[in-house]
Amino acid sequence: MEDLDEILAIENSSFSKPWPRDVFMRELQIPVSRNLVATLRKDLHNEIAGYVTYWVVAGELQVHKICVREDLRKSGVASSLMAEMIRLSCREGVGICSLEVGRSNEGAQRLYEKFGFEVTDIRPQYYAESGDDAMILCVELKKCLQFIRKA
């Protein structure tokens, strides 16, 4: 909760249709929702570097949102968030992870490929604001752990 203002600033600068405050507030109340932040120590206090919001439902991890502050992209923050999310989910007994990514979001696709995700389906013109297709990616978390150990 105390990180919400910084998260909203990152969210609003990163997405053409950002989640509003009430969506993040709701995520904090939903029992299946999990929310992680990555912090950066600066001038004797922590700043939010990025965040991930995901659900654990019926043994499956569903990634809903992952975002890194613009000036820290390509610095390993997203990979660290993914790795921690996967480690925590494995401890909960989760077996599989799924997510959606825009076909044009090549940076995110490269991130997910590093963890062994594979395309399982395409949803044509899923993103209304851009008309972009959604690629559905999945991976068995045991496979992800192999990639994390290699990193």
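The values are calculated or read from the model by the stated rules, or taken from the named source; none is laboratory data. The shown structure was predicted, so the numbers you read here are calculated from the model rather than taken from an experiment. A quick note on method: Cβ atoms are made from the backbone with ideal geometry, for glycine too, and the neighbour counts reach across all protein chains shown.
If you go through segment 1-30 and keep only what is of a type in the set (Val, Ile, Thr) and within 22 Å of residue 56 (Cβ to Cβ), you end up with 7, 23, 30. Could you please let me know if residue 62 is assigned to a helix (DSSP H, G or I), without any contact (Cβ under 8 Å) to a residue 40 or more places away in the chain, surrounded by 14 or more Cβ atoms within 10 Å (Cβ to Cβ) and not hydrophobic (A, V, I, L, M, F, W, C)? Here the answer is no, as residue 62 does not meet what is asked. Here the condition is being out of contact with any Asp or Glu (no Cβ under 6 Å at 6 or more places or on another chain), farther than 21 Å from residue 135 by Cβ, basic (Lys, Arg) and modelled with pLDDT of 95 or more; of 41, 26, it holds for 26 alone. So, residue 88, is that one crowded, with 21+ Cβ neighbours inside 10 Å, touching a residue at least 40 places away in the same chain (Cβ under 8 Å) and among the hydrophobic types (A, V, I, L, M, F, W, C) or not? No: the conditions fail for residue 88. Of the residues making up segment 135-151, those that are more than 19 Å from residue 55 (Cα to Cα) and surrounded by 17 or more Cβ atoms within 10 Å (Cβ to Cβ) are 147, 148.
One residue alone among 75, 16 is in a loop (DSSP other than H, G, I, E, B) and either within 26 Å of residue 128 (Cβ to Cβ) or not hydroxyl-bearing (Ser, Thr, Tyr) (or both), and that residue is 16. Residue pairs whose Cβ atoms lie under 9 Å apart, separated by 6 or more positions or on different chains, with the first residue in segment 14-35 and exposed (fewer than 11 other Cβ atoms within 10 Å of the Cβ) and the second among the charged types (D, E, K, R) and modelled with pLDDT under 95, are 16/129; 17/129.
Which one is nearest to residue 15 (Cα to Cα), of the residues in segment 107-129 that are out of contact with any strand residue (DSSP E or B) (no Cβ under 7 Å at 6 or more places or on another chain) and either hydrophobic (A, V, I, L, M, F, W, C) or not in a helix (DSSP H, G or I) (or both)? The qualifying residue nearest to residue 15 (Cα to Cα) is 129.
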